[in-house]
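A.B. asks: My structure is below; once you've seen it, I'll send some questions.
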Amino acid sequence: MHDYFIGLMSGTSLDGADGVLVDFSVNPLQVVAHASEPFTAGFRAELLALNTPSHNELHRAALAGNQLAAAYARVVASLVQQAEKLGIGASRIQAVGAHGQTVRHQPRRTSGDPWGAGYTLQLNQPALLAELTGMNVVADFRSRDVAAGGQGAPLVPAFHQGAFSRPDAGVAVLNLGGISNLSVLPPTGSLAAVLGFDCGPGNALMDAWCLQHTGRPFDAGGAWAKSGRLIPALLARLLDEPYFAQPIPKSTGRDLFSLAWLAGKIQPFDGERAEDIQNTLTELTVCACAESVNSYGKGSAELIVCGGGAFNLYLLERLQAALPWLHVSTSEQHGLPPLQVEAAAFAWLARQMLRRQPGSLPAVTGAAGPRVLGALYPA
Ligand SMILES: Nc1ncnc2c1ncn2[C@@H]1O[C@H](COP(=O)(O)OP(=O)(O)O)[C@@H](O)[C@H]1O
Ligand SMILES: [Mg+2]
C-alpha cells in the first residue's frame with residue numbers, strides 16, 4: 001500500500017518554494033517527484049520587509065499569505081502532473097504539509113506575558129491552498145511546540161534521524177538554509193537522545209551582501225567569497241554575538257540575524273573590499289556551524305550537509321578544513337538532493353499529524369513534551 005504525501009518548504013533564504021511528493025511505504029522513503037518555484041524579486045522584497053515592523057503590515061501579511069498559497073498551489077500542480085505520468089492519481093495523495101513563510105520567530109518566554117509564552121509566525125493561507133488543490137492541507141507546525149514551552153524549532157531532527165542515521169556511527173546533519181541548523185544523531189538503535197538547534201546564520205547574510213554588491217541573489221559556488229580575504233577583526237566582531245555561546249535548546253531567525261544587525265557590525269569596516277566582507281561572512285557561517293559540531297556533535301563520524309548552502313563549494317571546503325576529524329558530505333550522496341530534504345521533512349510532519357503522532361522531539365525544542373504538530377484543513 002503506497003503512502004503518498006506532499007511537503008512544501010519556503011525558508012528564511014526567501015529564494016522560493018520547494019515541493020516534493022514522497023512515498024513513505026518504502027524504506028528508505030522515495031521522493032517520487034519534486035518541483036520548485038522561485039519567488040519574484042518583488043515578492044522576495046515584500047517578504048523580507050514583513051520581517052520587520054512596517055506600515056499596514058496586517059493587511060500586507062494577509063495578501064502575502066494568499067500569494068504564497070498560490071505559489072504553493074502551482075508547485076503542487078506540477079507535482080500532481082508528474083505523479084499522473086507515473087500512474088499516481090491525485091486522489092491517492094493523502095495530504096500536503098505546507099510550512100509557510102516565517103516572518104517572526106520569538107519563542108522565548110517573555111516576562112509580563114500572562115501565559116509566559118512567546119510566539120512564532122509563519123505567513124500562509126492553508127484554507128486557500130486547500131481550495132486551490134482540493135487536498136487535505138496541514139499547516140502551522142511550529143506554534144503548538146512553542147505553546148508547550150518549546151522553541152518550535154528545529155522540527156526536522158526527527159525526520160533527519162529516520163532518513164540519515166547509521167547503525168555503526170553517529171552522524172550530524174547540517175541544514176544550510178537562510179539560518180543554519182544542526183541535528184546530532186546517535187547511531188540507529190541507540191538510546192541516546194537526538195539533539196538539534198539553530199547554529200546561527202546560514203546563507204541569509206551572505207545572500208544579502210552578495211545582492212547588494214553584485215546584483216546576484218547568492219554567491220554561486222562561493223566563488224566570490226573565495227576570491228576575497230578574511231578580515232579577522234570583523235570575524236571576531238561578528239562572533240561576539242551572545243547567541244553563539246548560548247546553551248541549547250535554542251533557535252533563531254531574521255529577528256536577530258537581520259540586515260540591521262549586519263549593518264551595525266560592518267559599519268567600522270566600511271572601507272574594506274566587498275569580496276573580503278563576503279569571505280568573512282562565509283567564515284562566520286563556517287565558524288558558527290563548526291563550533292556547534294565541536295560542542296554537541298563530537299561523536300559524529302560524518303557531517304551531512306543539506307539545504308541550498310550545500311551548493312556553496314567554498315563553504316563546504318572551509319567546513320571540512322574546520323572539522324578535519326569527520327567526513328563532510330552532502331545529502332545528495334545519501335539519496336536526497338539538498339533542496340528536497342526540508343520539503344520531505346514537512347511531508348513527514350503532515351503524515352505524523354494525520355496519524356496523530358508527535359512530530360517534535362522535546363529534547364530538541366525544550367517543550368514540556370512531545371506534541372502532535374499542525375492544523376488540518378480538510379480537502
Ligand atoms: N549554486 C549555489 N551556490 C551557492 N549557494 C547556493 C547555490 N544554490 C543555492 N544556494 C543558496 O541556497 C539558498 C536556498 O537554500 P534553501 O535550502 O532553499 O534555504 P531556505 O530553506 O532558507 O529557503 C539560496 O538563497 C542560496 O543562498
Ligand atoms: Mg528555500
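Since every read-out is calculated from the coordinates, none of them should be taken as a lab result. Quick caveat: nothing in here was measured; it's all calculated off a predicted structure. Neighbour counts run over all protein chains shown; Cβ positions are idealised from the backbone, glycine included.
A.B. asks: How large is the Kirkwood hydrodynamic radius of the stretch 1-144, in angstrom, based on all distinct alpha carbon pairs? It would help to have the intermediate numbers written out before the result.
C.D. replies: On the way: mean 1/r = 0.0616 Å⁻¹.
Taking every pair of different Cα atoms in the stretch 1-144, averaging 1/r and inverting gives 16.2 Å.
A.B. asks: In addition: How large is the helix-only mean residue ellipticity at 222 nm for the chain, computed as the sum of -39500 (n - 2.57) over DSSP H runs with n ≥ 4, divided by its residue count, in deg cm²/dmol to the nearest 500? Intermediate values should be presented prior to the final figure.
C.D. replies: Values: 13 runs with 141 residues, N = 379.
The helix contribution divided over the chain gives -11000 deg cm²/dmol.
A.B. asks: Could the peptides 303-310, 172-179, 245-252 be put in order, highest first, of the mean number of other beta-carbon atoms found within 10 Å of their residues? Before the final figure, lay out each step's value.
C.D. replies: Details: 303-310: 26.0, 172-179: 27.6, 245-252: 17.4.
Per-residue Cβ counts within 10 Å, averaged per peptide and sorted highest first, yield 172-179, 303-310, 245-252.
A.B. asks: What does the extension gain come out to for residue 108 and residue 357, with contour length at 0.36 nm per residue minus their alpha carbon separation? Display every interim value, and only then the final one.
C.D. replies: On the way: separation 249, 0.36 × 249 = 89.64 nm, distance 2.52 nm.
Stretched fully, the residue 108-residue 357 segment lengthens by 87.1 nm.
A.B. asks: Let me ask you something else. Spin-label point model (7 Å from Cα, Cβ direction): what's the residue 193 to residue 291 distance in nm?
C.D. replies: According to this spin-label approximation, the distance is 2.3 nm.
A.B. asks: Of all DSSP beta bridges in the stretch 157-338, what percent run antiparallel (nearest 5)?
C.D. replies: Details: 12 of 22 bridges.
In the stretch 157-338, DSSP labels about 55 percent of beta bridges as antiparallel.
A.B. asks: Hey, could you get me the Stokes-Einstein D for the stretch 271-379, Kirkwood radius over alpha-carbon pairs, 37 °C and 0.692 mPa s, rounded to whole µm² s⁻¹? Working shown, then result.
C.D. replies: Values: Rh = 16.5 Å.
The estimated diffusion coefficient comes to 198 µm²/s.
A.B. asks: Another one. Averaged across orientations, what area in nm² does the convex hull of the alpha carbons in the chain project? Display every interim value, and only then the final one.
C.D. replies: On the way: hull surface 74.1 nm².
Average projection, Cα convex hull of the chain: 18.5 nm².
A.B. asks: Fewest first, what order do 227, 165 take by the number of other Cβ atoms within 10 Å? Kindly include the intermediate steps, with their values, before the conclusion.
C.D. replies: Values: 227 14, 165 19.
Ranked by crowding around the Cβ, least crowded first: 227, 165.
A.B. asks: Sorted by average packing, counted as other Cβ atoms within 10 angstrom per residue and highest first, what order do 348-355, 278-285 take? All intermediate terms of the calculation are to be shown ahead of the outcome.
C.D. replies: On the way: 348-355: 21.2, 278-285: 25.9.
Ranking, from highest mean packing down: 278-285, 348-355.
A.B. asks: Find, among the chymotrypsin sites (Phe, Trp or Tyr not before Pro) in the stretch 92-187, those assigned to loop by DSSP (not H, G, I, E, B) with at most 12 other beta-carbon atoms within 10 angstrom. Could the numbers behind the result be given before it?
C.D. replies: On the way: sites: 115, 119, 141, 159, 164; in loops: 115, 141.
Answer by residue number: 115.
A.B. asks: Let me ask you something else. Rounded to the nearest 5, what is the percent of antiparallel bridges among the DSSP beta bridges in the chain?
C.D. replies: Working: 34 of 52 bridges.
Of those bridges, close to 65 percent are antiparallel.
A.B. asks: Residue 108's amide H: which non-local residues (gap 5+, or another chain) put their own amide H closer than 5 Å, with H modeled 1.01 Å from N in plane and none for Pro or chain starts?
C.D. replies: Residues meeting the amide H criterion: 119.
A.B. asks: Dividing the convex hull volume of the Cα atoms of the stretch 157-338 by its residue count, what figure in Å³ per residue is obtained? Present the calculation step by step, with values, prior to reporting the outcome.
C.D. replies: Numbers: hull volume 19.3 nm³, N = 182.
Dividing the Cα hull volume of the stretch 157-338 by its residue count gives 106 Å³.
A.B. asks: Which of the lysines could be linked to residue 250 by a straight reach, that is with a Cα gap under 18 Å, when you skip same-chain ones fewer than 8 residues away?
C.D. replies: Qualifying lysines at Cα under 18 Å: none.
A.B. asks: Could you pull out every residue, at least 5 positions away or on a different chain, whose amide H is within less than 5 Å of the one on residue 366? Hs are placed 1.01 Å off N in the peptide plane, and Pro or chain starts have none.
C.D. replies: 151
A.B. asks: I'd like the distance separating the alpha-carbon centroids of the stretch 285-316 and the stretch 332-346, in whole Å.
C.D. replies: Value for the Cα centre distance between the two parts: 16 Å.
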